Amino acid sequence: MIKVAIVGAAGRMGQALVRASRAAEGVALVSAVEIPANPWVGRDAGLAAGIGDIGVRIGADTRAALMAADVAIDFTFHTAAPGNAALCAELGKALVLGTTGLDAAESARVREVAAHVPVVWASNYSLGMNLLFSLVQQAAKALGPDYDIEIVEAHHHFKKDAPSGTALSLAKAAAAGRQQELDRVAVYGRHGITGERPRGEIGIHAIRGGDVVGDHTVLFAAAGERVELTHRASGREAFAPGAVLAARWVTGRAPGLYDMQDVLGLK
Ligand code: NAD
């Protein structure tokens with residue numbers, strides 16, 4: 001039985017992860033942790049997740065929570081994730097990281113951790129989206145630079161980073177398909193007198209509103225036709241079981257940085 005700690009357990013994803021880890025075989029949820037100010041600290045993680053008492057109290061001591069576990073699942077905030085990851089390295093615990101919006105320095109700290117413990121780090125843990133990453137790369141390669149690529153994503157109004165980590169992964173997949181470096185061709189939103197669209201550009205756009213769980217469309221547009229590849233998540237069940245699967249997969253692996261394509265055997 002693999003012992004799991006959920007970091008950010010009272011958050012939107014944290015609650016879905018509590019439900020998914022209780023439903024999964026071969027996995028035991030042993031600890032749940034939150035920031036001290038969270039009103040759920042001291043209360044049962046199952047109650048926060050809407051499944052009733054499960055006998056796992058949400059604590060505010062990340063070190064103690066990780067010590068009890070084999071693997072941590074972190075869906076928190078970009079400023080918190082590197083410190084949590086460093087604690088995993090110090091304690092020799094595997095990590096499944098779902099948090100997005102990390103800047104270059106924060107990302108480098110996570111990569112450093114992966115030299116010491118196994119880490120799965122994915123911008124999206126859903127099976128459908130991981131299939132879409134492959135399809136987008138394939139489409140970009142097949143259609144070539146005459147097809148303009150635009151990526152549009154929509155999320156709920158609580159989301160704190162933009163564009164979504166998933167939109168960036170889709171953009172990277174599209175750029176890889178055309179053998180481009182994303183940093184050289186990406187344009188984030190447009191405003192004002194932008195001039196004509198240069199060939200080879202990849203446009204990335206974020207919409208925020210209501211309770212949208214996550215919509216992503218990759219548009220390939222050329223003279224006379226367009227192809228649109230769309231994924232819509234209608235619930236956080238799209239992501240949470242994948243993250244729990246990743247926790248089972250990564251425990252006991254060699255140190256290194258893995259992604260969901262590794263977990264699903266899509267590479
Ligand atoms: P949320 O704000 O609802 O939840 C985050 C929780 O983490 C909060 O309860 C917060 O108190 C807690 N937290 C923050 N810092 C912490 C720390 N140091 N220790 C313990 N707990 C801490 O946000 P959410 O919608 O659940 O999303 C969380 C993250 O997961 C975001 O970065 C989001 O983009 C990402 N996300 C990733 C995927 C994926 O498949 N990779 C899917 C959905 C969301």
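Bear in mind these aren't lab numbers, they're just calculated from the coordinates by the rules spelled out. Given the structure is predicted, the values throughout are model-derived calculations rather than measurements. Counting neighbours? That spans all protein chains shown, and the Cβs are built from the backbone with ideal geometry, glycine included.
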| Estimated FRET transfer efficiency when R0 is 35 angstrom, pair Leu91-Asp211 (beta carbons, to 0.05) | 0.45
| said: As I understand it, the value is the acute angle between the Cα axis of helix 81-91 and the longest principal axis of the Cα atoms of the chain; what does it come to in degrees, rounded to 10? | reply: 50 degrees
| Under a 5 Å amide H to amide H cut-off, with H placed in plane at 1.01 Å, what residues pair with Thr99 once short-range neighbours are removed? | Thr76
| task | Please report the relative contact order for the range 117-201, taking Cα pairs under 8 Å with a sequence separation of at least 6, and give it as a percent rounded to a whole number. | result | 38 percent
| field | Debye, to nearest 20: dipole size of the chain, +1 on Lys, Arg Cβ, -1 on Asp, Glu Cβ | value | 300 debye
| remark: Label model pair Leu135, Thr230: point-to-point distance (7 angstrom along the Cα→beta-carbon line) in nm is 1.2 nm
| task | Only loop residues by DSSP count here, and only those with at most 16 other Cβ atoms within 10 Å; note down the trypsin sites (Lys or Arg not before Pro) in the range 1-80 that meet that. | result | Arg43
| query | Label points 7 Å out from Cα along the Cβ direction at Glu201 and His156: separation in nm? | reply | 3.3 nm
| query | What percent antiparallel are the DSSP beta bridges of the chain, to the nearest 5? | reply | 35 percent
| request: Quick one: angle between helix 240-250 and the longest Cα principal axis of the chain, in degrees between 0 and 90, rounded to 10, please. | output: 70 degrees
| task | Read phi for every residue in the range 206-219 and hand back ³J(HN,Hα) as whole Hz from Karplus 6.51 cos²θ - 1.76 cosθ + 1.60, θ = phi - 60°, with x for Gly and Pro. | result | 10, 10, 10, x, x, 10, 4, 6, x, 10, 9, 10, 10, 9
| Candidates Pro118, Pro163, Pro198: whichever shows maximal mean-square fluctuation once the chain is modelled as a Gaussian network with Cα springs under 10 Å | Pro198
| note | If N is the residue count of the range 96-211, its Cα Rg over 2.2 N^0.38 Å rounds to 1.15
| task | State the extension gain, in nm to one decimal, for the chain segment bounded by Ala142 and Ala80, taking 0.36 nm per residue of separation less the distance between their alpha-carbons. | result | 18.3 nm
| Regarding the range 32-120, what whole-number volume in Å³ per residue does the convex hull of its Cα atoms give? | 95 Å³
| When only C-alpha pairs under 8 Å and at least 6 residues apart count, what is the relative contact order of the chain, in percent? | 20 percent
| request: Let me know the Rg and Dmax you get for the chain when you use only its Cα atoms, in Å. | output: 19.2, 60
| field | Among Ala154, Leu143, Gly14 the positive-end extreme of the charge dipole of the chain (Cβ point charges) | value | Gly14
| request: Just tell me which aspartates and glutamates come within less than 17 Å, Cα to Cα, of Lys160; anything on the same chain fewer than 8 places away is out. | output: Asp74, Asp103, Glu106, Asp211, Asp215
| the range 181-267: translational diffusion in µm²/s, Stokes-Einstein, Kirkwood Rh over Cα pairs, 25 °C, 0.890 mPa s | 145 µm²/s
| remark: For the chain, the longest principal axis of the Cα atoms and the Cα long axis of helix 165-177 enclose an angle in degrees, to the nearest 10, of 50 degrees
